[in-house]
Amino acid sequence: MTEVPSHELLRDCEAIQIPAGNTVILPAGTPFHIGQSLGGSWTIQALGGLFRVAPKDGDALGLSPHPAPPPVSPASTLGPLEETQVWEALKSCYDPEIPVNIVDLGLIYDLVMEAHPEGGHVVHVKMTLTAPGCGMGGVIAKDAEQKILLLPGVRHAQVDVVWDPPWHQSMITSGGRRILGLES
C-alpha cells in the first residue's frame, strides 16, 4: 500500500466543502493531503472529506499563496478583446473534483461578447455542471467570472449555470477524455 504524504494546516483556513459548496473554517493543525492543484486553487482531503482552498490561502497549506490578481482599472477595460482570450480564461477554471478544465469537460454551452456602451466588452457565458445537485456551481461560475474580468477590454462578465441540455460525458473533448483515461 502506498502512503500518501500528509501535512497539517499551519493556520485556520477558510475552505469550501465539496460537493456541498458550504464555506467552512478548517482549524490549524488539521491533517490534510493535496488531491489536486489546478487553476490556482487546491483540492485537499481532510476530516474525511474534500475541500477547495482558495489561492490566497496557500500559506495555510505551507505553500506560497497565489498572488491576488491586480484590480482592473478603467483604462484596461478599453482594449481589444478576442473570443479566444475568453476561451483560454475559461480553460483555467476547474471542477475541484475533476482534473479537466470546464471547457474540455464540455460544461460551456454558450459564450457571447457584446460591446459596452462606454467602450470595452460585456461577456455572457452559459455553463452547466456534471451533476445537477452539485453545490459547487456558484463557486465554479464565480471563478470563471473573475478570470474573464481580468482580461483587458472586459467591463462586465456574467456566468449563468443552466441545466438544459443535461450534461453527459459524451460532451467531454477528446483532450479531456485522454486526461480522464476514457480514450488513448
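The values are calculated or read from the model by the stated rules, or taken from the named source; none is laboratory data. Just so it is clear, the model here is predicted, and its values are computed rather than measured. Ideal geometry is used to build each Cβ from the backbone, glycine not excepted, and the neighbour counts take in all protein chains shown. All accessible areas refer to the heavy atoms of the entire protein, side chains included, with ligands and DNA or RNA removed. Shrake-Rupley method; radii C 1.70, N 1.55, O 1.52, S 1.80 Å.
Numbers for the structure displayed
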read-out: Filter result (within 13 Å of Cys13 (Cα to Cα), hydrophobic (A, V, I, L, M, F, W, C) and open to solvent by 20 Å² or more (accessible area, probe 1.4 Å)) within the stretch 48-62; value: Ala54
read-out: Test for Ile34: is it among the hydrophobic types (A, V, I, L, M, F, W, C), surrounded by 21 or more Cβ atoms within 10 Å (Cβ to Cβ) and either in contact with a helix residue (DSSP H, G or I) (Cβ under 9 Å, 6 or more places away or on another chain) or in a loop (DSSP other than H, G, I, E, B) (or both); value: no
read-out: Single residue of the stretch 18-31 satisfying the filter (closer than 21 Å to Ile140 by Cβ and surrounded by 16 or more Cβ atoms within 10 Å (Cβ to Cβ)) that is modelled with the highest pLDDT; value: Leu26
read-out: Set Ile98, Ile102: member being modelled with pLDDT of 95 or more, closer than 25 Å to Gly35 by Cβ and either open to solvent by less than 60 Å² (accessible area, probe 1.4 Å) or not basic (Lys, Arg) (or both); value: Ile102
read-out: Some residue of the stretch 124-142 being among the hydrophobic types (A, V, I, L, M, F, W, C) and out of contact with any strand residue (DSSP E or B) (no Cβ under 8 Å at 6 or more places or on another chain); value: yes
read-out: Filter pass, Gly153 being open to solvent by 20 Å² or more (accessible area, probe 1.4 Å), over 29 Å from Ala15 (Cα atoms) and either in contact with a Leu (Cβ under 6 Å, 6 or more places away or on another chain) or among the basic types (Lys, Arg) (or both); value: no
read-out: So Val123, is it on the phi < 0 side of the Ramachandran plot, in contact (Cβ under 8 Å) with a residue 24 or more places away in the chain and of a type in the set (Val, Ile, Thr); value: yes
read-out: Boolean, Gly39 is closer than 30 Å to Gly153 by Cβ and either at pLDDT below 95 or open to solvent by less than 50 Å² (accessible area, probe 1.4 Å) (or both); value: yes
read-out: Every pair of residues 6+ apart whose Cβ atoms lie under 6 Å, when the first sits in the stretch 155-184 and is free of Cβ contacts under 8 Å to residues at least 24 places away in the same chain while the second is surrounded by 14 or more Cβ atoms within 10 Å (Cβ to Cβ); value: Glu183/Arg177
read-out: Subset of the stretch 156-184 [small (Gly, Ala, Ser), under 21 Å from Leu38 (Cα atoms) and open to solvent by less than 50 Å² (accessible area, probe 1.4 Å)]; value: Gly175, Gly176
